1. Cross-link partners among lysines for Lys267, C-alpha distance below 20 Å, same-chain residues fewer than 8 apart left out?
2. Using alpha carbons only, how many angstrom separate the centre of the stretch 189-232 from the centre of the stretch 1-27?
3. Ignoring ligands, DNA and RNA, please state the percent of accessible area on the chain from carbon and sulfur, probe 1.4 Å.
4. Over 26 Å between C-alpha atoms is what I'm after, so list which of Lys48/Lys228; Lys68/Lys147; Lys219/Lys443; Lys155/Lys228; Lys159/Lys219 land there.
5. What does the helix-only formula give at 222 nm for the chain: each DSSP H stretch with n ≥ 4 adding -39500 (n - 2.57), the total divided by the residues, and the result rounded to the nearest 500 deg cm²/dmol?
6. As a quick test, which of the pairs Lys73/Lys190; Lys288/Lys380; Lys362/Lys391; Lys404/Lys458 have an alpha carbon distance above 21 angstrom in this structure?
7. Given C-alpha coordinates of the chain, what is the ratio Rg to Rh with the Kirkwood estimate of Rh?
8. Work out the FRET efficiency for Glu187 and Ser393 from their Cβ-Cβ distance, taking R0 = 56 Å, and round it to the nearest 0.05.
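The values are calculated or read from the model by the stated rules, or taken from the named source; none is laboratory data. Quick caveat, the model's predicted, so the values are computed rather than measured. Cβ coordinates were reconstructed from backbone atoms using ideal geometry, including for glycine residues, and neighbour counts include every protein chain displayed. Accessible surface areas use protein heavy atoms only, side chains included; no ligands, DNA or RNA. Shrake-Rupley method; radii C 1.70, N 1.55, O 1.52, S 1.80 Å.
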Amino acid sequence: MATILSMKDITKTFPGVKALDNVNLEVEQGEIHALVGENGAGKSTLMKVLSGVHPHNSYSGDIFFQGKKCEFKNINESEELGIVIIHQELALIPELSIAENVFLGNEQSNKGVINWHETVEKTKALLHKVGLPIDPQVLIKHIGVGKQQLVEIAKALSKEVKLLILDEPTAALNEEDSENLLNLLIEFKKQGITSILISHKLKELMAVVDTITILRDGKTIETLSMEKDGVTEQRIIKGMVGRDLRDLYPERISQPGDTVLEVKDWKVFDPENPHQQIIHNADFYVRKGEIVGIAGLMGAGRTELAMSVFGKSYGRNISGKIYKDGKEIQIENVNQAIENGLAYVSEDRKKYGLILNDSVRKNLSLSNLFRISQRAILNKHEEVKQAETLKTSMNIKTPNIEQKTINLSGGNQQKVVLGKWIFTDPDVLILDEPTRGIDVGAKNEIYKKINDLALEGKGILMISSELPELLGMCDRIYTLAEGVITGEVNKQEADQEKLMTYMTRSRRS
Ligand SMILES: Nc1ncnc2c1ncn2[C@@H]1O[C@H](COP(=O)(O)OP(=O)(O)OP(=O)(O)O)[C@@H](O)[C@H]1O
Ligand SMILES: [Mg+2]
């Protein structure tokens, strides 16, 4: 096999951070090559160096692609050679249609006039290739993140791609969609396209890749061949974390107390289409000290349920009752939700979680939330103290708390979101995909944190697409299908199969 890509002694520094320290990466023609490492290990940075996002001269070291030395000044230059990167943070424009997004910057035009018909037809064909049979004229904002990910891939295919780089493409996807996407990579491989795949989901990654390169603290630890080296998950984890990690899900003795939150007969309608009911008569409760899961396929309404309860931040014509510690309460908006002791950690950290241009300190601090809830502002001294405490306890990797949040690695941004809400000292913490894009070591830290909160007597409601995570953490799990709670399973009797059965139970059957 020939080497398609060789990155030699790449070093890249940011103020206060050596993100890459003499990294070497060799990728063979036609293979699927995984890049793994803890949050902040330097994976995304390495790929940004490769694709010219970080231009030549902003790093040291050499890049050879198909034998030729490359000095990309921008992303266009790498794309011209067929290197296409799909970033960790999706870059689609919500207000534009799928077709417009796919051909953005690459318009199908004739003498300056955009050929709309051609754009739509070509997009249709590309969507077909990625297994997404929907109308190309649908707006991006109307499809879920999973589908958006496929649109990004369709967009990559619209260019002549030789090396496809996917930075955590399945982080936001459920198992079925992830599997489709990974099968797609195998399909591409047959067509001779080489891929580099970054993922924290080691199991699924091991199932499709040929080679794995492990980064730790900006350094290459090793490159393993799946075939030759008999790679196990433990081995990869050890390489990433630098130590053995036995139990991902820490032990917890569960002693649920009184019911802290109860929701009855909850109905929610689509904000755009008032006739469409999204949540149907949901009844559920969470006890003090209890971790309760919500399992469901993409589109089942999990986030919609959580957000509608959290101050009606989703939906319209919402009806039903909410009881807190046995008393009925009225929650009309997010302020009131916070005042009533609820906190919601969102799956979309950009939209609902963070102000990326603000410092870690500001994002972690209560003053940020008080801005939302319009109360007084904390004094700076207190803010610094609390931010430092959280930085340490959440193990947030940043040179200092004044760093802009946008400069943190994806997983560390997620820890800031979680930290920020823990800060509000809620009675009920709703976690929506809390460990999305988080490395195994940090996941373990976050699970411990969640367990601690439960031990303190807080009620935890946890939404996750990863069934092993729900099974590992929850005392009780509700299943949701098409906006209907279709099942409730206790820890003792829960397994993947049972959950899947309930998750796919249609209300029409
Ligand atoms: N633009 C930037 N300015 C300052 N520091 C940065 C910038 N981009 C990345 N870093 C820092 O470089 C290091 C590597 O970050 P990178 O995003 O490459 O990590 P990663 O391996 O992709 O992690 P994750 O799994 O969390 O996405 C981190 O410490 C990060 O904070
Ligand atoms: Mg990254």
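1. Lys312, Lys321, Lys324, Lys327
2. Centre-to-centre distance over Cα atoms comes out at 16 Å.
3. Numbers: 10470 of 22280 Å².
The computed percentage sits at 47.
4. Working: Lys48/Lys228 29 Å; Lys68/Lys147 36 Å; Lys219/Lys443 21 Å; Lys155/Lys228 35 Å; Lys159/Lys219 32 Å.
Exceeds cut-off: Lys48/Lys228; Lys68/Lys147; Lys155/Lys228; Lys159/Lys219.
5. Working: 17 runs with 164 residues, N = 509.
Taking each H run of at least 4 residues, the total per residue is -9500 deg cm²/dmol.
6. Numbers: Lys73/Lys190 31 Å; Lys288/Lys380 33 Å; Lys362/Lys391 12 Å; Lys404/Lys458 31 Å.
The pairs that break the limit, which is 21 Å between Cα atoms, are Lys73/Lys190; Lys288/Lys380; Lys404/Lys458.
7. Details: Rg = 23.2 Å, Rh = 24.1 Å.
Computed over Cα atoms, the ratio is 0.97.
8. Working: r = 44 Å, r/R0 = 0.79.
With R0 = 56 Å, the Cβ-Cβ based efficiency is 0.80.
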